[in-house]
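Let me begin by presenting the structure, written as structure tokens, before commenting on it.
The values are calculated or read from the model by the stated rules, or taken from the named source; none is laboratory data. Remember, it's a predicted structure, so these values are computed and weren't measured experimentally. Methodologically, a virtual Cβ is constructed for each residue, glycine included, from the backbone with ideal geometry; neighbour enumeration extends over all protein chains shown. Note: areas computed on protein heavy atoms with side chains; ligands, DNA, RNA excluded. Shrake-Rupley method; radii C 1.70, N 1.55, O 1.52, S 1.80 Å.
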There are 2 protein chains.
Amino acid sequence: MQRRTLIRNLSLGAAGVVLAAPAVQAQKKYRWRLATSWTPALDVLQGNAVRFAKVVDEMSEGRLKIQVYAAGELIPAFGVFDAVLQGTLQMFNAAAYYWAGKEPATQWFTAMPFGLNPRGMYAWYYQGGGLKLWEETYAAFDLIPRPAGTTGNQMGGWFKNKLESMADLQGLKFRIPGLGGKVYAEAGTTVVLTPGGEIFPALERGVIDGSEWVGPHDDMKLGLHNAASYYYYPGWHEPGTTGEFTFNRKAYEELPADLKAILDYAASYCSEQMLAEYEAKNVVALNTLRTRYQGQVEILPFPAEVMGNLRTLARDVLAEEANRSPMAKKVHESFTKFQAQISPWAEMTDGAYHRLVRG
Amino acid sequence: MQRRTLIRNLSLGAAGVVLAAPAVQAQKKYRWRLATSWTPALDVLQGNAVRFAKVVDEMSEGRLKIQVYAAGELIPAFGVFDAVLQGTLQMFNAAAYYWAGKEPATQWFTAMPFGLNPRGMYAWYYQGGGLKLWEETYAAFDLIPRPAGTTGNQMGGWFKNKLESMADLQGLKFRIPGLGGKVYAEAGTTVVLTPGGEIFPALERGVIDGSEWVGPHDDMKLGLHNAASYYYYPGWHEPGTTGEFTFNRKAYEELPADLKAILDYAASYCSEQMLAEYEAKNVVALNTLRTRYQGQVEILPFPAEVMGNLRTLARDVLAEEANRSPMAKKVHESFTKFQAQISPWAEMTDGAYHRLVRG
């Protein structure tokens, strides 16, 4: 065989390799970093970010590796939005209402006072246009959001003093984010926003008189039961709190289609798992509060008069907040319309379940 | 360059290709067939199977293609379990309580009368050992189950005649599967099991006096509102009905790890989407029943006396069914223990939401 012939034949072989190139290119590996707003003590929330990285790794056969950082390890709790916007990291895990200062509309994507429960929130995201509006809101920041999981209906929070009437809310210093915080502010409360990991020292030292966080499991992880005695329910301010996995648009768009799909569907898996985990762990924590902390902690419903007044205040506050930006107006209208529509059905099914089947 | 040297260099190139061989092997393509128990008119249920195939295709970059067949297209509605067990197909989509004749334990994996709602069911599967027990039950048939999505809390069903008391259940011919059917049987009802697609003709011709199926949207798709006038709620017999994606073990185990993961997590995505879709579509259907069919259709709660009596009967029936096999006993114990544990928490959160926040 002439050398020239050999080379020609080998070129044919090379052409075979070229044909296989798309497959080889699809095998390109990506390394991402994910920062959360959670202190590592919050095992369910931080664990959900770790779960996300794990299932993306599994489904992508290691082609997309995501390194997960807790609040403060790389970025402060409330610095993650800007870090991902600027491209320092490829994604974050937090709650949209932390970014109310950037765009008031973000608040509805996490929770609305007297709004939808977890089941209703997910119906709104996927069937009521909620996720499309969230994407539209974040497009201005070159970010792409995905619902990351719900905590379930939250607890109303911890108060150092017993709550008897609306007068007790005046002058109170209470830690609470989002639209619920604006309702308390309207009631005369001084509202502060503190990352989860910093609530206990603030509450213990009396910098604040109370705080909401999530529910029995998380709240005990933060030690709140050792800093306040009165634990109120229900979480009227956050009936269906949902977190976010949010991607830097450029990083997301660089991925091949299969990895984009894997990110999207992994978020759904995490949503499903997070609520199940909260259900199971909150049961245990509630039981501990009722037994081991009996006498130290009192678990109470909000007084009916307080709930009624807060509901009235909420209507005005929400209308006012909705007027703070064209996007907030659009999101508020979508949310409230969807809630009004599904309400009769929710009452006939899950409402009837709680009233009649389990009773 | 000597020819020998050239060849050696080219061998190095070839070695590079050999190194890439595992990646090439991972690109092996699989073609599966999925048969459902649903008539194509059931757009949400059949659509969920189609959605499953679509997202597996997306995430696997076409390496796992699943062809979806409705009931009767390839296999009759209730023949899918055996077809997949025998390896005729790789997977099916149905409801586990259809297989009560093979193993009584299967019934709990779909729904338990006066049992858990959708949120509770998923907590049980993933945090209460429910899915592990389901896998154990199906291992005897070389099948691997995954929760495929919930219909939400169901409606009680359609009755040709108004239900006033327990006496009206005696001698009634009613279509209902699972444990709920056994409770009706105990009340003197003649219970039949008919695939969804065959209910309307049976009801219209008077072969049966009533039937439950799912909820307003599905029931209207089947035309049940044109064959009976009284529509009862709540679905005490199925408070959290969940379907199944079930795989032939050999077919599943032949897949590489990433495709197995993709199947598992795709099922979670479908679960999330199916409930959201049912919520949105049931709202519309309920509204149609209340407006366009006003006068023709009456939507009523079960009489309190009937609900109370059925609850009492259910206790005995469930205990009896649990004694029909060692696996049923194990599953019933796990289910009822988990329900008792989460009950106080469910009441304080989602129960309080329905009572107080939305009220």
(message) Along its three principal axes, how long is the range B:55-130 when you only count alpha carbons? Whole Å, largest extent first please.
(response) 40, 31, 18
(request) Mind pulling the angle between the C-alpha long axis of helix B:304-322 and the longest principal axis of chain B? Nearest 10 degrees, somewhere in 0 to 90. (result) 50 degrees
(message) Buried accessible area between A and B (1.4 Å probe, both chains summed, ligands and nucleic acids excluded), in Å² to the nearest 100?
(response) 6700 Å²
(message) Apply the Karplus curve 6.51 cos²θ - 1.76 cosθ + 1.60, θ = phi - 60°, to the phi angles in the range A:281-286 and return the couplings in whole Hz, x for Gly and Pro.
(response) 6, 5, 4, 5, 5, 4
(request) Find which of A:234, A:123, A:284 sits farthest along the positive direction of the dipole of chain A, computed with +1 on the beta-carbon of Lys and Arg, -1 on that of Asp and Glu, about the Cα centre. (result) A:123
(message) What is the sum of charges, Lys and Arg at +1 and Asp and Glu at -1, for the other residues whose Cβ falls under 14 Å from the Cβ of residue A:307?
(response) +1
(message) Name the chain B residue nearest the rotation axis between B and A, going by Cβ position, and give the distance in whole Å.
(response) B:354, 2
(message) Under the convention of a label 7 Å out along Cα→Cβ, give the distances in nm from residue B:319 to the same position in every other copy, shortest first.
(response) 5.7
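Hey, got the dipole for the range A:241-305? About the Cα centre, +1 on K and R Cβ, -1 on D and E Cβ, debye to the nearest 20?
The dipole magnitude comes to about 240 debye.
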(request) Can you give me the P(r) profile for the protein assembly as shown? Cα pairs, bins 10 angstrom wide beginning at 0, each as a whole percent. (result) 3, 14, 23, 24, 18, 11, 4, 2, 1, 0, 0
(request) Taking the Cβ of residue B:192 as the centre, find all other residues whose Cβ is under 11 Å away and add up their charges (Lys, Arg: +1; Asp, Glu: -1). (result) 0
(request) Could you rank A:355, B:31 by how accessible they are, 1.4 Å probe, largest area first? (result) B:31, A:355
(request) Would you mind getting the accessible area per residue of the protein assembly as shown, heavy atoms of the protein chains only, 1.4 Å probe, in Å²? (result) 37 Å²
(message) Assume the label is 7 Å from Cα along Cα to beta carbon: what separations in nm does residue B:54 have to the matching positions in the other copies?
(response) 3.0
(message) What are the extents of the Cα atoms of the range B:140-246 along their three principal axes, in Å, largest first?
(response) 43, 30, 23
(request) Would you work out the relative contact order for chain B, in percent, from Cα pairs under 8 angstrom that are 6 or more residues apart? (result) 23 percent
(request) With +1 on each Lys and Arg Cβ and -1 on each Asp and Glu Cβ, and nothing else charged, work out how big the dipole of chain B is about its Cα centre, in Debye to the nearest 20. (result) 1340 debye
(message) Counting only other chains, and only Cβ atoms inside 10 Å, what mean value do you get across the residues of A:274-285?
(response) 6
(request) Assuming 1.002 mPa s and 20 °C, estimate D for chain B with Stokes-Einstein, Rh taken as the Kirkwood radius over Cα pairs, in µm²/s. (result) 98 µm²/s
(message) If each label sits 7 angstrom from Cα along the C-beta direction, how far apart, in nm, is residue B:298 from its counterparts in the other copies?
(response) 4.9
(message) At 1.4 Å probe size, put B:242, B:312 in order of accessible surface, largest to smallest.
(response) B:312, B:242
(message) Using the Cα centre of the protein assembly as shown as the reference point, and only Cβ charges (+1 on K/R, -1 on D/E), how large is the resulting charge dipole? Debye, rounded to the nearest 20.
(response) 2560 debye
(message) Could you work out what % of the accessible surface of the protein assembly as shown is carbon and sulfur, using a 1.4 angstrom probe and leaving DNA, RNA and ligands out of the count?
(response) 52 percent
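For the pairs A:221/B:260; A:65/B:250; A:182/A:221, note any where the Cα-Cα span goes beyond 28 Å.
A:221/B:260; A:65/B:250
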(request) Ignore the peptide's own chain and count Cβ atoms of other chains within 10 Å of each Cβ in A:139-149; give me the average, rounded. (result) 0
(request) Please work out whether the range A:31-172 counts as rounded, prolate or oblate from its C-alpha gyration tensor, where a ≥ b ≥ c are the square roots of the eigenvalues and a/c under 1.5 means rounded, while otherwise a/b larger than b/c means prolate and anything else oblate? (result) prolate
(request) May I ask what percent, to the nearest 5, of DSSP beta bridges between residues of chain A are antiparallel? (result) 45 percent
(request) Any lysines with Cα under 16 Å of the residue A:162 Cα? List them, leaving off those in the same chain fewer than 8 positions away. (result) A:173
(request) Compute the acute angle (0 to 90°) between the alpha-carbon long axis of helix B:130-139 and the principal axis of greatest extent of the alpha-carbon atoms of chain B; round to the nearest 10°. (result) 70 degrees
(message) Rounding to the nearest 10 and keeping the result within 0 to 90°, find how far the Cα-based axis of helix B:43-59 lies from the longest principal axis of chain B.
(response) 20 degrees
(request) Take every DSSP beta bridge whose two residues both sit in the protein assembly as shown, then give the antiparallel share in percent to the nearest 5. (result) 45 percent
(message) Using square roots of five times the C-alpha gyration tensor eigenvalues, list the equivalent-ellipsoid semi-axes of the range B:202-325 in whole Å, biggest first.
(response) 34, 23, 14
(request) With a 10 Å radius around each residue's Cβ, average the other Cβ atoms per peptide and rank A:225-237, A:294-306, A:250-262, B:115-127, highest first. (result) B:115-127, A:225-237, A:250-262, A:294-306
(message) Can you give me the solvent accessible area of residue B:32 with a 1.4 Å probe, rounded to the nearest 10 Å²?
(response) 10 Å²
(message) Using amide H atoms built in the peptide plane, which far-off residues or other-chain residues are under 5 Å from residue A:194 H to H?
(response) A:176
(request) Over every pair of different alpha-carbon atoms in the range B:232-275, take the mean of 1/r and invert it; report that Kirkwood radius in Å. (result) 12.7 Å
(request) Kindly identify residues of the range B:113-130 having a loss of at least 40 Å² in accessible area between the isolated chain and the assembly of all protein chains, probe radius 1.4 Å. (result) B:117, B:119, B:126, B:127
